[in-house]
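Encoded as structure tokens, the structure appears first; notes follow it.
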Amino acid sequence: HPATPFVAFGLGFCAAMTSSSSLAQGRLCDKGCQRPAFAAYATCCTYCQGPEGPHARDCAQKVELVGYRRTNEPTPAFSSQIVVRAICAELYRSFDKFGRMDPFALVDWCYEDGRTVSIGRTKTAARQHMNPVWEHSCKTMPYSGNGSGDKIHFQVLEENLGGLVQSTFCGDATVPVDALLSGARTISPGLMQTQPQPIPLHKRGENTGQIVVQILIHLPESQQAALNQFTYVDAKRFVTPVRRLGVSGGTAPFFSLELAAVEGKHSGDYWIGKDLSRAMDEVHFYEKVKSLSKHASREMQALYNFMFQYDGILKATEEGVEGGGELELLVLQNMRHGRKSLRLLDIKVGEKTAAANWMGKSRLAALKQALIDEHTNSQAEGFRLEGFDGQTPVLLSMDPLLDLGGGEGHSKSTQKKARRLMLQRLPAAEMLMHYLDLHSYDASIPPSSELAEVVLDETCKQLVGLTVACCSTQSPQKWIGSSVALGFDDGFSLPGYEDGQGFTPADEAELRKSVLVKIFDWGRSELNTLEEHSERTAEEQQDRLDFWRLYVGGIQRLAWEAARQYRHRFGNPNGWKKAQLVVYDFDSMTDSDFIGQVFADLVETPETTAPLLTADGVPVSGKDGPSTLTYSITWRRFAEQSRLQGAWSVRIVRAEKLPVCDTVLWASRASSDPFVKVFAYSEDESYRCVQRSTVKVKNLDPTWDETFDLPVAKPEHASLEALVGSPKAEDFPIGLMLPAVAYTLEVPKAETEGLKYWKELMNAICGRQFRSFLV
């Protein structure tokens, strides 16, 4: 390649890197002033002439940066903070077989002890081919001084098919941090910056291009105020070393923490550790909450109560890592503490989950996030399901790639992305149905209706409390992309059943303790106090108000959806009249195909085989004859102390001779993927609910043997007042406020009217009107 200014500069830079090994030796300035030589240079600065200097104006700051004094002792960790900027790249050839490339870069921080931390992933420079421009700023990293041995690893890759398949490696480079700091200049008090530096990229020995990077250095003086706010916990309180558990969302490593001794009500694994290097954007939020919660107003304190407890930062070593460096962990409340098996929903709140130029989010990244919002449940209902720990057999049987040949034919990465998209598109009614799915897969074991009823009742009460806390907050918040966690212990044991007492009040109290409703994920959120809000400009105040409306609207909608799910699943005191058993063929890319249905009166019915009928009442036939569905119905009365009268148990046994539905895309399949939905209706159809079975892939004669409960409520637990925990609810019409979920296409007028009543109820419970937040 012809020489370019960037290439020439890069060759000189490589020479500097080659000599950078001497940095670790702590060389002093050749002029005899006893200051350290800066980076790969022989002198401390360009002005130095001898023992008495003179020195450049920023020379003393550089001495602090590299971390050596006359005794050559390294400065403490966090002496400086470094931001790596990946500006652009020049590739010398195309790595795509056809068309223009879509390059992106990955940046990793490599500690001397072998640990590697991902600090940045640039945007994908779509169709920018061999000259991508990113202008990406990576996460801030602590720099402990010259000779630390830390390095930065840069990779450039070509994205294929929008990230659905493995990216093509274009080249990489590993550079000592000390060498990258060469030539840094002060640009403002407490801030230094290097010139853009081209770094050669190599792939199997071939020079494939260069990536241009720049370093920003926040000097200690500019960091001291922030560092003084950090709360460090006593390492003696915990058993060390700590054990790595895994990651959250594929990015943040978590570590198991064990208290060395009981601390009041806290013991064992009450706390969990989150790698601080992946949580730098959250630690300041937690520290501010910790500080303000000590003297917060009553309204803000109510909101803090729904956040996970934060104890401070723990310095510890990792188990199984020989000679490993010291970890710094955020010490957070462990959601799994005291729970045998946690079923957990991670629900991202707000119609808009990103904002351009807000806390590092670029305009392009915000646009991509807006497309996700538009095509998921975020814009439909104001929130979306991001994660589901403890997924049920029904949900696991729903293969999102089934119409593309099944998940087995795709990479794990593609399977993960497809399942995540499926979860993100679930409406609230289906999300909560799966969350509460405790139906039985064994005919000898009854479903756990009493457990599910208590869980949803407690969830509703806590969501109402969260809504009231949000509405009562005096200063609007800009919480973008934060989440609500709904969880409970689905491994909860019932000692009452073992001694024949049934579900006792003591069981109920223990189960309610396992239910959690918490708000978390503060990476792109600020905590806006009333004093701070009053000092903002009119435009800034309106911006906070707009985003707070979206957040509160999502919380309100989630609470409303939970309340109407409760009313129609567990709040029917009048009994159920009939069940509609509908067999569908599961399709992952389109709506599932209707196969046939059976209507059954809810009376004691022994095992019965009935013909499947079309919507017009015509018998359905498969290739081997008429299609049938076998089921049975029994009534179970619960113990006197139960919150429910009892339940109709509908057992779906099997179907036979189903028709072939999958013949278009994959002719080789020539089968169906059946599942059953169990609809229940009260006599006047004012109460309606639905549950569903597992999917039986490629099976025309499926056997399920799954049992579903249709509970009948006790009147004292079915009122709106009992559900929301406020006497003010008696003034509102529960039937209009909590209409049945529209499982078919219906005019959404009922939902609009119901939400209007719900907001008015929340206002009444708050005791004042917060129309600016709720409109």
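Remarks
- Taken as Cα centroids, region 560-606 and region 408-452 sit 16 Å apart, rounded to the nearest whole angstrom.
- Scoring 476-487, 540-551, 613-624 by mean Cβ neighbours within 10 Å over their residues and listing the highest first yields 476-487, 540-551, 613-624.
- The base-10 log of I(q)/I(0) for region 334-378, evaluated at q = 0.28 Å⁻¹, reads -0.97 [Debye formula, identical scatterers on Cα atoms, solvent excluded].
- Cα gyration tensor category, rounded, prolate or oblate, for region 534-639 with a/c compared to 1.5: oblate
- Radius 9 Å from Cβ of LEU550, net charge of other residues (Lys, Arg +1; Asp, Glu -1): 0
- Phi angles across region 91-96 convert, under the Karplus curve 6.51 cos²θ - 1.76 cosθ + 1.60 with θ = phi - 60°, into 3J(HN,Hα) values of 9, 8, 7, 8, 9, 9 Hz, Gly and Pro given as x.
- Residue separation of THR46 and ALA639 scaled by 0.36 nm, minus their Cα-Cα distance, works out to 204.7 nm of gained length.
- Highest-first arrangement of 419-431, 597-609, 727-739, where packing means the average Cβ count within 10 Å: 419-431, 727-739, 597-609
- Residue separation of GLN379 and ALA506 scaled by 0.36 nm, minus their Cα-Cα distance, works out to 41.6 nm of gained length.
- Peptides 326-332, 233-239, 397-403 ranked from most to least packed, by the mean per-residue count of other Cβ atoms within 10 Å: 326-332, 397-403, 233-239.
- Long-range HN-HN contacts of GLN477 with modeled amide H, under 5 Å: TRP548
- Computed over region 304-425, the quotient of the alpha carbon radius of gyration and 2.2 N^0.38 Å is 1.38.
- Computed from phi, the 3J(HN,Hα) profile of region 700-716 under the Karplus parametrisation 6.51, -1.76, 1.60 (θ = phi - 60°) reads 8, 10, x, 10, 9, 6, 10, 10, 10, 9, 10, x, 10, 7, 7, x, 5 Hz, with x in place of Gly and Pro.
Computed from the coordinates by the stated procedures, all read-outs in this text should not be read as laboratory data. The structure presented is a predicted model; accordingly, all values stated were derived computationally and were not measured. Cβ sites come from the backbone with ideal geometry, for glycine too, and all protein chains shown count toward neighbours.
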